[in-house]
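Some notes on the structure that comes next.
Nothing in this text is a laboratory measurement; each read-out follows from the coordinates by a stated rule. Small disclaimer: the values here were computed from a predicted structure and weren't measured. As a convention, Cβ positions derive from the backbone with ideal geometry for all residues, glycine included, and neighbour counts pool all protein chains shown.
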Amino acid sequence: MSRAVMIRRAAVVAVSLGLLSLGACASAARPDAMTVLPSTIAAAKAGDVGYQAVKIVNVSGGTDTNPLLWSEVASGDFRLALESSLKATGYLGATETAPLSLTAAMLELKQPMVGLDMSVTSRVRYSVTDASGKLIFDDTIAATGTAKMGEAFVGTERLRLANEYAIRENIKAFIERFRTHTAR
């Protein structure tokens, strides 16, 4: 084999590897994909505790995604998903006048390093206080989301999907527990 052919093949391999690595860059979880849809959960109605009465005061614990590593969930994206979910289910109130204050702290986003089907478990502590500062809800919720191999060929994309599913299920579980807890 001539030197020119070897150089040409090496160049093709280098370009191919470069293109593959670009396709494998990690992307951040998307707030819209983490949002609970109103069709998947019962919405609050006028007269329910918390109906249009919750404001989000703090969301913490998220991590920005490094595209060279793996997908994560940023605090700001989690906040947007939580806000959209509360709005869609009738709980989000006007920021200035809402009497209930919500804080959400992401404690853990347990992710696999590799896998065909990837499962991510999220643990979030939610606390809600009333206008006087009295704690009316305080619970840590764990939820798991799994992305199947057939949903995305590239592992970093499957991980992003699993992150989104885990956070969406976590928010959904929070809304359901909050509704049950405050209905007593």
Review point. Can you tell me which of 167, 171 is over 18 Å from residue 53 (Cβ atoms) and touching a residue at least 24 places away in the same chain (Cβ under 8 Å)?
Key: 167
Review point. Which of the residues that make up the range 141-184 are closer than 20 Å to residue 127 by Cα and among the charged types (D, E, K, R)?
Key: 168, 169, 172, 176, 177, 179, 184
Exercise for review: Could you tell me which residue of the range 136-160 is surrounded by the fewest Cβ atoms within 10 Å (Cβ to Cβ), considering only residues that are free of Cβ contacts under 8 Å to residues at least 60 places away in the same chain and in a helix (DSSP H, G or I)?
Suggested key: 150
Study note, to complete from the structure: By residue number, the members of the range 82-110 that are among the polar types (S, T, N, Q) and surrounded by 19 or more Cβ atoms within 10 Å (Cβ to Cβ) are 85, 89
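This table checks each residue for (1) surrounded by fewer than 21 Cβ atoms within 10 Å (Cβ to Cβ); (2) out of contact with any Phe, Trp or Tyr (no Cβ under 9 Å at 6 or more places or on another chain); (3) not charged (D, E, K, R).
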| position | (1), (2), (3) |
| --- | --- |
| 29 | no, no, yes |
| 32 | yes, yes, no |
| 35 | no, yes, yes |
| 38 | yes, yes, yes |
| 41 | yes, yes, yes |
| 52 | yes, no, yes |
| 55 | yes, yes, no |
| 58 | yes, yes, yes |
| 63 | yes, yes, yes |
